[in-house]
1. Springs between alpha-carbon pairs under 10 angstrom, Gaussian network model over chain B: which of B:A214, B:A47, B:A109 fluctuates most?
2. Evaluate peptide A:14-20: per residue, the Cβ atoms of other protein chains within 10 Å of its Cβ; return the mean as an integer.
3. Taking H placed 1.01 Å from N in the peptide plane, check which residues at least 5 places from B:I128 or on another chain put their amide H under 5 Å from its amide H.
4. So what's the Cα pair-distance distribution over the range B:1-149, bin width 5 Å, in %?
5. Using every pair of alpha-carbon atoms in the range B:3-254, split the distances into 5 Å bins beginning at 0 and state the percent of pairs per bin, rounded to integers.
6. Per residue of B:167-174, count partner chain C-beta atoms within 10 Å of its C-beta, then hand back the mean as an integer.
7. Averaged over peptide B:179-185, how many Cβ atoms belonging to another chain are found within 10 Å of each residue's Cβ?
8. What list of ³J(HN,Hα) couplings, whole Hz, do you get for the range B:35-41 from phi and the Karplus terms 6.51, -1.76, 1.60, once you set θ to phi - 60° and write x for glycine and proline?
Amino acid sequence: MTVLDFINRLLGREKPSGTMARQRLQLVLAHDRSDLNPELLDQMRREILEVVQRYVEIDIESCDVSLETEDRVTALLANLPIKRTREFPLPIGSAISSGSGSGPAALALDRGARTGTNAEQLAAAGAETSALAGPSASRVPGTTEPGDPPSGIQP
Amino acid sequence: MGKTTLTANLGIALARLGKTVAVLDADFGLRNLDLLLGLENRIIYTAQEVLATTCRLDQALVKHKQQPNLALLPAGNPRMLEWLTPEDMQTITGLLAERSDYVLIDAPAGIEQGFKNAAAAAREAIVITTPEVSAVRDADRVIGLLATMDVKPVQLVLNRVRPKMMANQEMLSVDDVTDILALPLLGLVQEDERVIVSTNRGEPLTLEDNPSPAGQAYLNIASRLCGEEIPLIDPSKKRHGLRARLINKLRKTTGLF
Ligand SMILES: Nc1ncnc2c1ncn2[C@@H]1O[C@H](COP(=O)(O)OP(=O)(O)O)[C@@H](O)[C@H]1O
Ligand SMILES: [Mg+2]
């Protein structure tokens with residue numbers, strides 16, 4: 001470690017590279033292991049949010065739907081902070097005008113945008129008002145072929 | 001990375017523990033096990049002739065001079081890759097298993113057919129990797145493949161560990177790798193210049209009576225395979241002396257370095 005590295009570390013400007021290595025690996029392995037094509041994953045995220053939004057108003061900005069992996073089990077984890085519940089569910093396919101005006105399609109849910117928090121941290125962060133799908137709830141089967149048309153997962 | 005070095009050292013170490021060992025070079029493309037064991041000049045026949053039944057197994061096996069409990073079945077011509085089947089590998093391994101306590105198969109890198117052939121003949125596996133992102137990712141692929149082939153148990157050896165870099169968190173830690181790969185740890189081998197010297201000479205480190213850190217690590221792996229309980233010490237957490245203890249304390253309280 002150089003003196004400059006050390007000072008940066010001391011000032012909290014820089015994470016040790018070992019920590020970065022761990023986080024990057026966890027993310028890439030979650031994807032490697034699930035064998036899900038990123039496009040389909042993205043579409044699935046959008047559809048999940050659409051369904052949830054019919055029942056509750058969620059805080060779009062802080063929503064997070066991602067793959068996590070622990071003990072070689074890959075899980076789809078959704079952390080969706082709830083603003084308020086709807087008295088009646090919206091009809092299927094209804095346009096959703098959430099607070100910020102941006103539709104679910106505009107969500108920043110790229111795999112790169114995440115920092116690789118683990119399941120416990122996610123659970124703790126959203127403990128009060130979140131819809132949380134834990135590892136037991138939704139194991140992702142790696143059955144999609146990369147060439148499948150998007151219609152493959154439509155209801 | 002470090003498969004062939006592990007196979008050679010583990011073979012010698014098990015032989016020293018009184019086991020009969022056969023080592024099989026299944027890396028037909030890039031055969032090296034003969035060189036690392038210092039047996040390259042004594043090869044007459046190979047696995048190829050054994051399979052073709054143009055020679056008997058004991059004619060092809062090359063016994064180690066200092067450790068006659070260990071015998072090498074050399075890899076044949078690289079073109080063997082074109083016709084060798086998983087069943088062929090099972091045949092050879094079966095023959096070797098009849099006459100040995102342990103059969104160690106030195107697998108080729110990657111997850112192609114050569115690796116699958118080697119895995120098809122294995123009952124259990126040792127995955128060896130270095131604590132680097134690319135190597136760990138590759139190891140994860142291999143572990144996934146082994147699971148589909150029903151090879152188990154699979155144990156992990158972490159190679160080329162640099163205690164100082166690990167202590168500085170400039171490298172994946174031992175816990176990071178075992179957590180991520182979710183495998184039991186069989187051994188920790190430090191980065192050690194003596195490995196290169198021993199390769200130059202064709203004399204595995206485990207032949208020595210007072211082996212270097214890596215040599216001792218290979219001996220420990222052999223003992224653990226034989227059921228002995230030898231504690232695994234994470235070298236990045238092991239520090240001696242007052243100064244080191246002070247540094248450790250500072251590290252713990254500040255979590256900075
Ligand atoms: N613990 C170690 N310390 C230093 N060098 C090592 C160590 N393990 C392996 N090496 C070196 O790494 C290179 C690859 O090792 P090898 O056993 O041939 O790997 P593989 O069979 O997986 O390709 C060799 O040059 C070897 O000397
Ligand atoms: Mg090799």
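1. Most flexible of the set in this elastic network: B:A109.
2. 5
3. Here the answer is B:V157, since their amide H atoms fall under 5 Å of that of B:I128.
4. 2, 10, 20, 23, 22, 14, 7, 2, 0, 0
5. 1, 6, 13, 17, 18, 16, 12, 7, 4, 2, 1, 1, 0, 0
6. 5
7. Mean partner-chain Cβ count within 10 Å for B:179-185: 3.
8. Karplus-based 3J(HN,Hα) across the range B:35-41 equals 5, 5, 8, x, 10, 5, 8 Hz.
Each value in this text was obtained by applying a stated rule to the coordinates, not by laboratory testing. Since this is a predicted model, take the numbers as computed values, not measurements. With ideal geometry, Cβ positions are generated from the backbone for all residues, glycine too; neighbour counts draw on all protein chains shown.
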